[in-house]
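*Asks:* Have a look at this one.
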Amino acid sequence: DTAVSQTPKYLVTQMGNDKSIKCEQNLGHDTMYWYKQDSKKFLKIMFSYNNKELIINETVPNRFSPKSPDKAHLNLHINSLELGDSAVYFCASSQAWDRGREGSGGYTFGSGTRLTVV
Amino acid sequence: QQPVQSPQAVILREGEDAVINCSSSKALYSVHWYRQKHGEAPVFLMILLKGGEQKGHDKISASFNEKKQQSSLYLTASQLSYSGTYFCAGQGGSEKLVFGKGTKLTVNP
């Protein structure tokens, strides 16, 4: 009964290849995110979708393209992979804060995809 | 605007207390706290939304100052399981949640 699941967990690929990471959440949350965590542990927002609509699109190379077929899924496709793309990519989801709902407002993260470009 | 965390690292013995601070140059809508253990995903600890708010559970608590620019996370009587990297994250006017650089906490026996 994993809340936010990402696949694959590890991805090793050559420069120039195209790859996809999939994310699914079963929490009924309206908003989903992609974060990138670099080797120094810095977590940086890339994209956010609310009910399949793109609401945050940070300064990310357009080789990165998110896609949300429904509010429970958010995938990330990366074209022409570069060495600098190596990082851990986290999917997350959240629901708006609700006074009566313990834990609401917080982000639930998937277990991450460690991408290594060689 | 990225919140600034301090200290960058803390080493404690079991049973000792720690305080991690988080500072923003602008007032925030909310501040979140997360803990990430090595090789794992960040885990949500708590969210604070009101100036002057204090909240917590068990031995982990947090405060948010009246101006909503400073938050602190308090870890009392630390346990080995508290080890990890603690992140504060601030949400300003937009939907975006921006994470601080993290504070690495090590609890030794």
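*Asks:* Give the residues of segment A:36-51 that are within 18 Å of B:Gln5 (Cα to Cα), more than 8 Å from chain B (Cβ to nearest Cβ) and part of a strand (DSSP E or B), sorted by residue number.
*Replies:* A:Gln37
*Asks:* Here's a follow-up. If you take the residues in segment A:29-73 that are within 13 Å of B:Phe99 (Cβ to Cβ) and touching a Ser or Thr at 6+ places or on another chain (Cβ under 8 Å), which one is surrounded by the most Cβ atoms within 10 Å (Cβ to Cβ)?
*Replies:* The selected residue is A:Tyr33.
*Asks:* Only residues that are within 11 Å of B:Pro3 (Cα to Cα) and within 8 Å of another protein chain (Cβ to nearest Cβ): list them for segment B:90-109, please.
*Replies:* Scanning segment B:90-109 gives B:Leu97, B:Val98, B:Phe99, B:Lys101, B:Gly102.
*Asks:* Do we find a residue being of a type in the set (Phe, Trp, Tyr) and more than 14 Å from chain B (Cβ to nearest Cβ) anywhere in segment A:56-69?
*Replies:* yes
*Asks:* Within segment B:9-33, which residues are within 13 Å of chain A (Cβ to nearest Cβ), touching a Leu at 6+ places or on another chain (Cβ under 6 Å) and under 14 Å from B:Gly84 (Cα atoms)?
*Replies:* B:Trp33, the sole residue that qualifies.
*Asks:* A further question on this structure: Condition first: under 12 Å from the mean Cα position of the chain (by Cα) and aromatic (Phe, Trp, Tyr). Now tell me which residues in segment B:15-60 satisfy that.
*Replies:* Once the filter is applied, which keeps residues that are under 12 Å from the mean Cα position of the chain (by Cα) and aromatic (Phe, Trp, Tyr), segment B:15-60 yields B:Trp33, B:Tyr34, B:Phe44.
*Asks:* Of the residues B:Ser6, B:Ser71, only one is surrounded by 20 or more Cβ atoms within 10 Å (Cβ to Cβ), more than 12 Å from chain A (Cβ to nearest Cβ), within 25 Å of A:Lys36 (Cα to Cα) and modelled with pLDDT of 95 or more; which?
*Replies:* Result: B:Ser71 is the single residue among B:Ser6, B:Ser71 that is surrounded by 20 or more Cβ atoms within 10 Å (Cβ to Cβ), more than 12 Å from chain A (Cβ to nearest Cβ), within 25 Å of A:Lys36 (Cα to Cα) and modelled with pLDDT of 95 or more.
Residues are listed down the side, and each one gets a yes or a no for (1) modelled with pLDDT under 95; (2) surrounded by 14 or more Cβ atoms within 10 Å (Cβ to Cβ); (3) polar (S, T, N, Q):
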position: A:Leu76; (1), (2), (3): no, yes, no
position: A:Ser80; (1), (2), (3): no, no, yes
position: A:Phe90; (1), (2), (3): no, yes, no
position: A:Gln95; (1), (2), (3): yes, yes, yes
position: A:Arg99; (1), (2), (3): yes, no, no
position: A:Ser104; (1), (2), (3): yes, yes, yes
position: A:Gly110; (1), (2), (3): no, yes, no
position: A:Arg114; (1), (2), (3): no, yes, no
position: A:Val117; (1), (2), (3): no, yes, no
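The values are calculated or read from the model by the stated rules, or taken from the named source; none is laboratory data. Not measured: the values here are computed from a predicted model. All Cβ positions, even for glycine, are placed from backbone atoms using ideal geometry, and neighbour counts span all protein chains on display.
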